Structures are given as structure tokens and as C-alpha cells.
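Engineer: Right, I'll just put the structure down here and ask away after.
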Ligand code: SAM
Ligand code: SF4
């Protein structure tokens, strides 16, 4: 008889997802516990985590690392040697999912050679009903599946997976809570992600995130500020405030406290560099622009996803702004924030996008002359409204549009970078460059990658670098001693 797994999870359901905001968000401070049997379970054992997708996943993986290390596990870079392997997955586009299924295939062989190894899948794909069904049918070597709301339960779930012969699945579609006091082991000793809110309520019609990450809920300012103070005290130079939509921060509070208020308070902690992502163009207030302009430790860099330059497409996407209002916001940001750089996200080939509509997107890129743009071919995501729209645009046409778009984007990226030639810029020195030859690397306040010559004693410091060469994706320079 087939097992009924539906009691463990609910897949993305528009109907359910629309019923939001009625329950109070609970802030759970004591929810993370390591069961007695797992306290030292990792002594002498190793773990391997592979992270796919956005910064929210990167940050979640840091939490998993922290949890595993607090049970005694140590990280290994060799997947086939690890005692626990976790794939933290992304569901945003089909090709992200295909990569994960490829890796799951590799793990079958490893699991055959080392049956005691525990293989778990988590992240956004774990929130999808179809994915779970496929794992159950085709990949029974998966030991554990847990969702984006169940991460703090990892010690308990790992214990169950070790004890059980069956696949352990825990995926909650209910997403009302914020769990505090969960350990984290951060990848980078200088730059840290700080979650300020979880989930998304925007429901852009193409996007799976509101289903996989749940409703928008803000962490309390005091918890965020405490985390920033701690990071500063332990030597971190840069933090990035993270949310799918940071502009919506605080909208779920009873008292008035906005993202601008939070940025002001974070700036006052005196941490050297503050970044934030992502800003939806919809509710980017004048006050936010003013605060970014006012504080020196808030970096002059805004990621402002436009998605399309055409009003009809934007409407079908449910983006709630139009090309004119986007341009007005863009102009305000450029006018008020000295030497700001702006990047964006663009989708081509939304269902039935015409050549004229695509031309409007090119025109938008020409107008904004972005410093950088992440460009994607639209990928239908089951359960979203756009996936039900009929599409008569050939894939070849979409690919050709993407290529034209990338050519335009790259032209402006190079032009923007060339403006830095001969300038002296401030760079946080992160370490050695991938370019080799003892070159160093780091980012400017405007988020430009710089490879430069200089003394490695400056790693961890913010130094002045003279820019000597500009390429499409990076700058070259030499340190000003
Ligand atoms: N919250 C952010 C925002 O609104 O800009 C974006 C988060 S999403 C992880 C990053 C980008 O993926 C989006 O800005 C969009 O360009 C792209 N994206 C999302 N869903 C997509 C889909 N179904 N097909 C192609 N690209 C998609
Ligand atoms: Fe997805 Fe739109 Fe939410 Fe961004 S704002 S996460 S694109 S639904």
C-alpha cells in the first residue's frame, strides 16, 4: 500500500497562501533545542552542505552549519566523505531544480558505498509537493527532507533519520513564526548576512517565493540591533540586511517603525558598512532615499529589480509600478545619493511578450544604464498564476532576446566601470584574488569587485585603491600605501 505523506506537508497552494496575515506572528526564543541523544552526536564526524540560490539560502546554510557544529560535527569539502550531506535547494527557475536533481543522482552512488551516511534535502524545493513526490518515487536514497520553516528542528530530524529506515519528511506550510536564538556559523569573517524579515507577500505572478518562504514577517528591531552589535564586537566590517522585500520591513508591527527607521538605528551602531537587499521598487519611500544619502556607513548601492520595461507586462507580472514611476524613483535615487550605483533583475520571455514589449525593456536599460543586471529567461513555476498563462513565444526567440539584452547590459556595465578609471576608491580587503599573482580582492562601497596589488597585511581593512583598469565585471587597481 502506498504511504500517505500529505499529512507532513502542503505544497504551494495559491488558495491557502492568499489566506494570510490573520494569525499573530510568534517570536519563539526557546524553540531551538538539541535532544540529549544528539548533544555529542557529531563528535569525530563531518558534514557537507551544498547551497543553491539566493542570499536567503546562503544565510540558512550558515544556520545549519551552526546547528551541526554545536552537535560536534566538523565541515568537510569532500561530499563523498561526509557523514551528513545536506542540499539546500532553490526553486526559483527550472534549471536550478535540474542541477539539484543531478546532484541527488550523484549521491545515489555515494550512498550505495556508504549506507550510513545521511543525505538530506532542504530549502525551497522541499516546499514543493511535486518535488517530494519525485523523491519518494525515484530517489528513495534520500533520508531526510525538511522545509524552510523547519530548520531549527534539524537536531531532532537528524536523530529521526538516523533511527528510522524510512524517509523522514517535515515540511510545514504554516509560516507564522520567527525563531530566534538559533546558532550560526558564518562563512565570511568580515561580511555577514543579517535577516531582518522572512517571507514575501508581493505575489508577483511568476514567482514561487511567497509559497516556499511564507508570509512577510519582521524580526524585532532590538533582536536585529543586538545581532549587529555582536557582529561588530567580533570584528565584522560589513553587514547586509536581508529580506525578499526590505522596504516592507515593519509593516506587520503595531507601532510605526519602518525600514528607514531600522536603517537609521543600524547606522548608529557604527558598524563600518551596511548594505541591504532586495528593494522592491513599489514601496521605496523618500525617507529611505534620504537615510541612505545621510549616513556614510550605509553603502551607496541599490539593487532595484525592474523585471520589464513594458507597462502591460509589468501589470501581468503583478509588479504594481509602471515604467514611468520606476524611472522617477530611479532618478530620485541617482539625484539624492552621491555616486550611487544601481543594479537590477530582468526577466525576458514572459508569456506572450512581443518584440515591441521587449524593446521597452531594452529602452529601460538604456535609460538607467545599470551598473549590473541579472537577466533570466522566464521559467514557469507550477502553482503560480503565470504558469497558467498560455505562451506562444518560441524558446529560440526568448534565447535571442536574452542575448540581445545581455549585450546591452554589458555595454553599460563596462561604461559605468570605466568612469572609475584614475579614481581612488575605498575597498574592504577580503583576501587573495582568484586572479593569482598574490593579487588582493575586495569590493568598493558601490559593490564593484576590485582586484589589486598590495600588501596582504591589509586583509580585513578598508583601504584606498587607485583604479588602473576597468572591465565589464571588475576593476583592477593598486593600493595607495
Ligand atoms: N524579492 C526580489 C525582488 O522582488 O526583486 C527577488 C527575489 S528572486 C529570488 C530573484 C529574481 O529571480 C527576481 O527578481 C526575478 O528576476 C527572478 N525570477 C523570479 N521568478 C522567476 C521565474 N519564474 N522565471 C525567471 N526568473 C524569475
Ligand atoms: Fe518573488 Fe516578487 Fe516576492 Fe520578489 S517581490 S520574492 S519577485 S514575489
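The values are calculated or read from the model by the stated rules, or taken from the named source; none is laboratory data. Not measured: the values here are computed from a predicted model. Positions of Cβ are backbone-derived with ideal geometry, glycine not excepted, and every protein chain shown enters the neighbour counts.
Engineer: Counting residues that are touching a residue at least 24 places away in the same chain (Cβ under 8 Å) and touching a helix residue (DSSP H, G or I) at 6+ places or on another chain (Cβ under 8 Å), which strands (runs of 3 or more DSSP E) fully inside segment 366-458 reach at least 2?
Structural biologist: 372-377, 424-432
Engineer: Moving on to the next point. Considering each residue of segment 331-354, count those that are surrounded by fewer than 20 Cβ atoms within 10 Å (Cβ to Cβ), touching a residue at least 12 places away in the same chain (Cβ under 8 Å) and within 22 Å of residue 393 (Cβ to Cβ), and give that number.
Structural biologist: Residues meeting the conditions: 3.
Engineer: Next question, about the same structure. With respect to residue 222, determine if the residue is without any contact (Cβ under 8 Å) to a residue 40 or more places away in the chain, assigned to a helix (DSSP H, G or I) and more than 24 Å from residue 304 (Cβ to Cβ).
Structural biologist: yes
Engineer: Which count do you get for residues in segment 121-153 that are crowded, with 17+ Cβ neighbours inside 10 Å and over 15 Å from residue 89 (Cβ atoms)?
Structural biologist: Going through segment 121-153 one residue at a time, the tally reaches 4.
Engineer: Pick from 449, 428: which is modelled with pLDDT of 95 or more, farther than 15 Å from residue 190 by Cα and surrounded by 15 or more Cβ atoms within 10 Å (Cβ to Cβ)?
Structural biologist: None of the others qualify; the one that does is 449.
Engineer: Which of the residues that make up segment 331-342 are in contact with a helix residue (DSSP H, G or I) (Cβ under 9 Å, 6 or more places away or on another chain) and not in a helix (DSSP H, G or I)?
Structural biologist: Within segment 331-342, 337, 338, 340, 341, 342 meet the criteria.
Engineer: Working carefully through the options 174, 191, 215, 254, find the one that is more than 16 Å from ligand 2 (Cβ to nearest atom), at pLDDT below 95 and under 30 Å from residue 158 (Cβ atoms).
Structural biologist: 174
Engineer: Among the listed residues 293, 328, 267, which satisfies the condition of being free of Cβ contacts under 8 Å to residues at least 24 places away in the same chain, part of a helix (DSSP H, G or I) and either loosely packed, with under 15 Cβ neighbours inside 10 Å or touching a helix residue (DSSP H, G or I) at 6+ places or on another chain (Cβ under 8 Å) (or both)?
Structural biologist: 328
Engineer: May I ask you to say which residue of 283, 290 is more than 18 Å from the chain's Cα centre (by Cα) and within 16 Å of ligand 1 (Cβ to nearest atom)?
Structural biologist: Answer to the selection: 283.
Engineer: Moving on to the next point. Give the residues of segment 124-180 that are part of a helix (DSSP H, G or I), farther than 24 Å from residue 216 by Cα and in contact with a strand residue (DSSP E or B) (Cβ under 7 Å, 6 or more places away or on another chain), sorted by residue number.
Structural biologist: 132, 135, 157, 158, 160, 161, 162
Engineer: Within segment 356-363, identify whether any single residue is crowded, with 20+ Cβ neighbours inside 10 Å, under 23 Å from the mean Cα position of the chain (by Cα) and either at pLDDT 95 or above or more than 15 Å from ligand 2 (Cβ to nearest atom) (or both), and answer yes or no.
Structural biologist: No - not one qualifying residue is present in segment 356-363.
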